Amino acid sequence: MYTDKVMEHFANPQNVGELPDANGVGEVGNAKCGDIMKMYLKIENGIITDVKFKTFGCGAAIATSSVSTELIKGKSIEDALALSNKTVVEKLGGLPDVKLHCSVLAEQAVKAAIADYYKRQGIDPALFIAGGGDSHAEHHCCGEGDNCG
């Protein structure tokens, strides 16, 4: 069902925890399946110097959170904003269709944290992020009849 890479990130997730000095924090969730992801960013001179996450959810949610932090750490804000759920899935070697919503949440958590960073800088995040990246949004990524569990 899951690839070895998904199982590796689930069993040994990278960058777990909180950043007390985070200057960008985003939280997203999916009401249907109950997954909640919180992403903490430390951004200096336009570069993500540190990133941590806390996720309440299934193995796929934890794995997508973990791999997304690896993909953006040390990258520019622009590169992090370009992170797509497709890239997350590819890096994990695939996800079952019923778990693809987890990769969408990971992408949204990164964008929500960057939006929060912009807001703290007095910059309108809508200038850079479609939808403004509401950092406490509840996202419904599953279609009717999808099994999100």
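Scan the stretch 81-104 and give yes if some residue there is out of contact with any Ser or Thr (no Cβ under 8 Å at 6 or more places or on another chain), assigned to a helix (DSSP H, G or I), within 15 Å of residue 38 (Cα to Cα) and aliphatic (A, V, I, L, M), otherwise no.
Looking for residues that are out of contact with any Ser or Thr (no Cβ under 8 Å at 6 or more places or on another chain), assigned to a helix (DSSP H, G or I), within 15 Å of residue 38 (Cα to Cα) and aliphatic (A, V, I, L, M), one finds at least one in the stretch 81-104, hence yes.
Can you find, within the stretch 91-148, the residue that is nearest to residue 46 (Cα to Cα) among those that are at pLDDT below 90 and among the polar types (S, T, N, Q)?
135
Given the conditions (1) among the basic types (Lys, Arg); (2) in contact with an Asp or Glu (Cβ under 7 Å, 6 or more places away or on another chain); (3) touching a residue at least 40 places away in the same chain (Cβ under 8 Å), report the number of the one that residue 54 does not fulfil.
It is condition (3) that residue 54 fails.
Here are some residues: 52, 73, 42. Which one is modelled with pLDDT of 95 or more, touching a Phe, Trp or Tyr at 6+ places or on another chain (Cβ under 7 Å) and closer than 18 Å to residue 116 by Cα?
Sole residue among the options that is modelled with pLDDT of 95 or more, touching a Phe, Trp or Tyr at 6+ places or on another chain (Cβ under 7 Å) and closer than 18 Å to residue 116 by Cα: 52.
Scan the stretch 28-47 for residues that are farther than 22 Å from residue 78 by Cβ, among the basic types (Lys, Arg) and more than 12 Å from the chain's Cα centre (by Cα) and report the count.
1
The values are calculated or read from the model by the stated rules, or taken from the named source; none is laboratory data. Not measured: the values here are computed from a predicted model. All Cβ positions, even for glycine, are placed from backbone atoms using ideal geometry, and neighbour counts span all protein chains on display.
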